[in-house]
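Colleague: I'd like to ask some things about the structure below.
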Amino acid sequence: MRQPAKILQIGNYPPPMCGWAIQTKLVTEELRRRGHVCEVLKINEGRQIKSAEYIDVQDVADYLRKICSYSLCGYRLNAHVNGMSRKGYWLAFAAALTGRLFFRPVLLTFHGGLSQDYFPLHDKGRVHWAFYFLFLLAGAIACDSQPIKEAIERYGISSDKVEAIATFSPQYLTYARVPLPDEVETFLRQKRQLIFSYLSFRPEYRLNVLSEGMKLYRKAQPDAGFIWLGFPEKELPAVKEYLRDWPTEERESLLLLGSLTHDEFLTLLSRCFICLRTPACDGVAASVLEAIALGVPVVASENRRRPNGVVTYNDMDAVDMSQKLVYVTQHYNQVKAGLRLDAGDDNVGRMADWLAGESVEAAEAKVVPAR
């Protein structure tokens, strides 16, 4: 009988909740359900808080010590990374070097789309070579889609080394409708058109464009309300400072929330009028697919990877954003009727297959008769 795999996932883990964190949690649960050993080294906000659900990280030295100690105990490292964060790159690179040192090359999960700050770049500059060496050191690479796989291969990486496994999976839609806080319920009752946006206080989320687009949209729809949520605790003071000089009327049209649980997130999303997605670097985006599955129309920045039925706008153009919001408002039933999502593929299972060393093709072949 085959020995259980031992995997150390290095990535985001809830709380707070985000697309990466949901995937890490679901894949960890799936690996454990199959009898494998899987632990999570948490590197997002809250990483210094000790918990039985994940392994804490106190500082850089602690991170290096733990990836070495787990490698020494026979764990295969699985580093999560994208093309937006320098810190995230160096954490993944350290894991890749450690994997080679212990003769168990790292499994690299690459997130995001084709419009990231540092990926893809094929200009033979320093950033190009940085990702080339990261990809080269990895034992295998999983990414979100075929176009991203092809972009990685353009670095000179063998096609056999890169697997395209979509992030979204039916498990993302498993939730219980829960009561929402009183301030949220009050806001929901007061506003007719509720625009839902999952955000972070970072440049790629285009808060200035979003703010201007909100003003323009409210000229056409004065009763509209906007919900900004998803900000980690450490970002909330900066967001509140950003909003401090807003006119009272504009500030009253906005409900600012931090991180929600997955049940709260989907309960709130299901009660909103439109889901507005601003970053263009994210690829498809789990929140976009969740909105479609719940029958909520989506307006999103154009990045050439949005699903059918999504109404897109130029991510730097507030006028275009507001016009698309107005269009969806005026053609709401038509847009809503065009929403289609095939969430049948168990991509959590496929990722678990990949991490455990099972062939993805073989796994697909096994489920074909069942379909």
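The values are calculated or read from the model by the stated rules, or taken from the named source; none is laboratory data. Here the structure is a predicted model, which means the values were calculated and not measured. Note: ideal-geometry Cβ built from the backbone for every residue, glycine included; neighbour counts use all protein chains shown. The area values use the complete protein model at the heavy-atom level, side chains included, leaving out ligands, DNA and RNA. Shrake-Rupley method; radii C 1.70, N 1.55, O 1.52, S 1.80 Å.
Colleague: Solvent-accessible area of Leu210, probe 1.4 Å, all protein chains present, reported in Å² to the nearest ten, please.
Modeller: Accessible surface of Leu210 is approximately 0 Å².
Colleague: HN-Hα J couplings of the stretch 309-314 from phi, Karplus 6.51/-1.76/1.60, θ = phi - 60°, integer Hz, Gly and Pro as x?
Modeller: Calculated HN-Hα couplings, in order: x, 7, 8, 10, 9, 5 Hz.
Colleague: Please compute the net charge surrounding Ser322, taking Lys and Arg as +1 and Asp and Glu as -1 over other residues with Cβ under 13 Å from its Cβ.
Modeller: Values: positive: Lys215, Arg218, Lys219, Lys324; negative: Glu212, Asp317, Asp320.
Net charge in that neighbourhood comes out at +1.
Colleague: Give the carbon-plus-sulfur fraction of the accessible surface of the chain in %, rounded to a whole number; probe 1.4 Å, heavy atoms of protein chains only. Intermediate values should be presented prior to the final figure.
Modeller: Working: 9090 of 17140 Å².
Carbon with sulfur: 53 percent of the solvent-accessible area.
Colleague: Skip the ligands, DNA and RNA, and give the accessible area per residue of the chain with a 1.4 Å probe, whole Å². Could the numbers behind the result be given before it?
Modeller: Details: 17140 Å² over 371 residues.
For the chain, the per-residue accessible area is 46 Å².
Colleague: Which residues' amide hydrogens lie under 5 Å from the amide hydrogen of Leu77, considering only partners 5 or more residues apart or on another chain, with H built in the peptide plane?
Modeller: HN-HN under 5 Å from Leu77: Leu8, Leu107.
Colleague: Which order do Ser322, Ser158 take by accessible area at a 1.4 Å probe, largest first?
Modeller: Values: Ser322 10, Ser158 65 Å².
Sorted descending by solvent-accessible area, the residues read Ser158, Ser322.
Colleague: With all protein chains present, calculate the accessible area of Cys68 using a 1.4 Å probe and round the result to the nearest 10 Å².
Modeller: Its accessible surface works out to 50 Å², give or take rounding.
Colleague: So for the chain, averaging the separation of alpha carbon pairs under 8 Å that are six or more residues apart and normalising by length, what relative contact order in percent results? Show your work: numbers first, answer last.
Modeller: Values: 630 pairs, mean separation 59.2, N = 371.
Across the chain, relative contact order equals 16 percent.
Colleague: Per residue of the stretch 5-22, in order, report the coupling 6.51 cos²θ - 1.76 cosθ + 1.60 (Karplus, θ = phi - 60°) as ³J(HN,Hα) in whole Hz, putting x for Gly and Pro.
Modeller: 6, 10, 10, 10, 7, 10, x, 6, 8, x, x, x, 8, 7, x, 4, 5, 4
Colleague: Here is a further query. Okay, helix-only estimate at 222 nm for the chain: each DSSP H run of n ≥ 4 adds -39500 (n - 2.57), divide by all residues, round to 500 deg cm²/dmol; what do you get?
Modeller: -12000 deg cm²/dmol
Colleague: Using amide H atoms built 1.01 Å from N in the peptide plane, name the residues 5+ places from Leu41, or on other chains, whose amide H lies under 5 Å from its own.
Modeller: Those qualifying (amide H under 5 Å, at least 5 residues apart or on another chain) are Gln9, Ile10, Gly11, Ile55.
Colleague: State the Cα centre-to-centre distance between the stretch 135-160 and the stretch 173-230 in whole Å.
Modeller: Cα centres, the stretch 135-160 to the stretch 173-230: 36 Å.
Colleague: For Arg2, what accessible area in Å² do you get when you roll a 1.4 Å probe over the heavy atoms of the protein chains, rounding to the nearest 10?
Modeller: Counting only protein heavy atoms, Arg2 exposes about 150 Å² to solvent.
Colleague: Let me ask another. Taking R0 as 30 Å, what FRET efficiency do you get between Arg154 and Asp59 from their Cβ-Cβ distance, rounded to the nearest 0.05?
Modeller: It comes to 0.25.
Colleague: Another question about this same structure. What percentage of all Cα-Cα pairs in the stretch 178-325 are separated by more than 23 Å? It would help to have the intermediate numbers written out before the result.
Modeller: On the way: 3217 of 10878 pairs.
So the pairs more than 23 Å apart make up 30 percent of the total in the stretch 178-325.
Colleague: Another question about this same structure. Charges only on Cβ, +1 for Lys and Arg, -1 for Asp and Glu: so what's the dipole of the chain about the Cα centre, in debye to the nearest 20? If you can, show how the numbers build up before the last one.
Modeller: Details: 45 positive and 43 negative charges, 113 e Å.
That gives the chain a dipole magnitude of about 540 debye.
Colleague: Quick one: Karplus J couplings for the stretch 256-265, per residue in order, coefficients 6.51, -1.76, 1.60, θ = phi - 60°, nearest Hz, x for Gly and Pro?
Modeller: Coupling constants for the stretch 256-265: 9, 10, x, 7, 10, 5, 4, 5, 5, 4 Hz.
Colleague: Taking amide H atoms as placed 1.01 Å from N in the peptide plane, list the residues 5 or more away in sequence, or in a different chain, whose amide H sits under 5 Å from that of Tyr313.
Modeller: Amide H neighbours of Tyr313: Ala300, Ser301, Glu302.
Colleague: Given 25 °C and 0.890 mPa s, how large is the Stokes-Einstein diffusion coefficient of the chain in µm²/s, with Rh as the Kirkwood radius over Cα pairs?
Modeller: On the way: Rh = 21.7 Å.
Reported coefficient: 113 µm²/s.
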